[in-house]
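**Q** Attaching a single structure in structure tokens format; questions to follow.
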Amino acid sequence: MSDDPAVMSGPGTDTRVDLGGLLQAQKTELVSQLASTVANQFNNVMMAVTSYAELELKKAQPAQKRNLEQILNHASRATSLIQKLLAFSRKQPPAPHRLLLNPVVEAISQLLQPLAGEEINVAIELDPAVGAIVADPVEIEQLVLCLGLNARDAMSGGGELAVATHLVQFAPESFGSGEPAVQGSYALLSVQYTTDPTKGAPGSPIGSQEARMTQAIAAVRVIVKERRGFLRVSSRPGLGTTFRIYFPALGAEIIQPSQPVSTSVATWTKTILIVEDDVAVRNSAAEFLKMEGFKVLQASNGPEALQIVSETRSHVDLLVTDIVMSGMNGNEVAAELLKAHPRLRILYMSGDADRAAKAQSGSAEGVRAVLQKPFRLNKLNDKVRELLNR
């Protein structure tokens with residue numbers, strides 16, 4: 001039997017285990033789970049920060065409002081960044097849908113400059129005529145980051161990384177071998193890197209860098225093909241490379257705007273029960289809704305919520321509850337309350353987009369909606385009024 005710990009021997013076996021690869025896989029899984037946990041905790045923290053800032057904004061004098069708005073704007077940016085980290089860490093199948101391409105590209109491109117480094121200039125050019133495509137937004141973000149970071153590795157001497165969108169037209173004769181010969185409008189997403197000529201031409205990619213670029217192109221082709229698009233790659237010797245990704249264009253409009261919902265509610269006649277184990281989130285939401293004229297009950301968990309309703313004999317019109325709680329989850333709390341309050345409206349809160357989506361198809365009946373943390377209290381107020389008007 002071998003003394004090599006990387007070799008496992010036994011009857012009928014001759015298997016060499018790559019311990020380095022196994023440890024790396026475990027590390028990757030750990031980082032993914034840690035990113036998800038940290039992101040969810042971060043969402044709760046930012047929910048508290050923005051909520052208390054909003055409460056002060058509601059009471060502030062005009063001279064103070066500008067600073068508070070700056071706090072809220074920067075908090076929103078921080079939240080957007082951490083939500084991207086959470087999206088990349090999730091293990092879930094793609095969910096393609098109709099979306100506007102430019103906002104997705106613009107949002108993820110904000111990460112390219114700090115990732116590219118100071119020696120590389122990042123330029124963004126978005127054509128407003130591009131409109132909508134069918135894709136998963138996380139896929140688009142992965143495409144841009146994957147190609148952008150591989151381009152960065154190829155520009156060791158500096159240069160420019162350009163990300164652009166354009167609306168283009170294709171006739172059948174414009175397509176090459178293996179490309180879908182479907183004429184019409186296509187949304188072009190291009191990622192181009194150009195080296196700095198004053199610092200010499202770059203060397204050819206070698207070793208692991210070349211392998212990573214090959215893998216990146218292969219992954220992009222698979223994603224784009226699934227969306228009925230195609231990829232073209234062109235290079236200029238000694239200068240740079242352009243990746244052109246074509247998606248069938250759907251036009252400028254996504255969904256016709258719905259008719260505005262009336263938000264007129266006799267608030268003093270409505271009782272809202274907030275069930276949330278994070279005291280900062282619970283208190284700020286309760287205070288805001290009280291300022292809007294609602295009667296508000298609070299509980300830190302499911303059993304406490306049921307006890308409060310029973311002891312006060314309160315009629316509850318709307319339940320605002322976190323989804324994941326110890327003892328009873330939000331859906332179980334809703335199911336119990338619906339027994340005594342069949343016309344109960346339910347508003348779920350969650351920092352996890354996956355759990356928020358599942359709550360929409362949970363076992364509790366009644367009129368329901370979901371808010372993903374962190375959200376602005378004004379949005380909470382709007383959603384509350386919308387539910388109570390149904």
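Read-outs: derived from the displayed coordinates by stated rules, not from any lab. The model shown is predicted, which means the values in this text are computed figures rather than measured ones. Cβ placement follows ideal geometry from the backbone for every residue including glycine, while neighbour counts extend to all protein chains displayed.
**Q** Using the Karplus equation 6.51 cos²θ - 1.76 cosθ + 1.60 (θ = phi - 60°), what ³J(HN,Hα) coupling, rounded to whole Hz, does each residue of the range 224-229 give in order, writing x for Gly and Pro?
**A** Result, ordered by residue: 5, 4, 5, 9, 6, x Hz.
**Q** Still on this structure: Just how large is the dipole of the range 97-248 about the Cα centre, in debye to the nearest 20, putting +1 at every Lys and Arg Cβ and -1 at every Asp and Glu Cβ?
**A** The dipole of the range 97-248 has a size of about 380 debye.
**Q** For labels at residue 67 and residue 280 in the simple 7 Å Cα→Cβ model, what's the distance in nm?
**A** My value for the distance between the label points is 1.9 nm.
**Q** Please arrange 278, 322 by counting, for each residue, the other beta carbons lying within 10 Å of its beta carbon, fewest first.
**A** 278, 322
**Q** With label points built 7 Å along Cα→Cβ from the Cα atoms of residue 372 and residue 236, find their separation and express it in nm.
**A** So the label points at residue 372 and residue 236 sit 3.9 nm apart.
**Q** By average Cβ neighbour count within 10 Å, what is the ranking of 73-81, 45-53, 336-344 from highest down?
**A** In descending order of packing, they fall as 45-53, 336-344, 73-81.
**Q** Let me ask something additional. Could you list, bin by bin from short to long, the percent of Cα-Cα pairs of the range 267-388 in 5 Å steps?
**A** 2, 12, 25, 28, 22, 9, 1
**Q** If you don't mind, another one. Can you list the residues, at least 5 places off or on another chain, whose amide H is less than 5 Å from the amide H of residue 345, using H built in the peptide plane?
**A** Correct list: 318, 319.
**Q** For residue 278, enumerate residues with amide H under 5 Å from its amide H, sequence gap 5+ or separate chain, H modeled in the peptide plane.
**A** Close amide H contacts, sequence-distant or interchain: none at all.
**Q** Fully extended, how many nm does the chain gain between residue 182 and residue 379 (0.36 nm per residue separation, minus their Cα-Cα distance)?
**A** 66.7 nm
**Q** Return the equivalent ellipsoid semi-axes of the range 97-248 as a descending list in whole Å, where each equals the square root of 5 times an eigenvalue of the C-alpha gyration tensor.
**A** 26, 17, 14
**Q** Hey, another quick one. Based on the Cβ-Cβ distance from residue 123 to residue 95, what FRET efficiency comes out when R0 is 25 Å, to the nearest 0.05?
**A** 0.25
**Q** Quick one: order 289, 319 by neighbouring beta-carbon count within 10 Å, fewest to most.
**A** 289, 319
**Q** Something else: Which order do 288, 375 fall in if you start with the one that has the fewest other Cβ atoms within 10 Å?
**A** 375, 288
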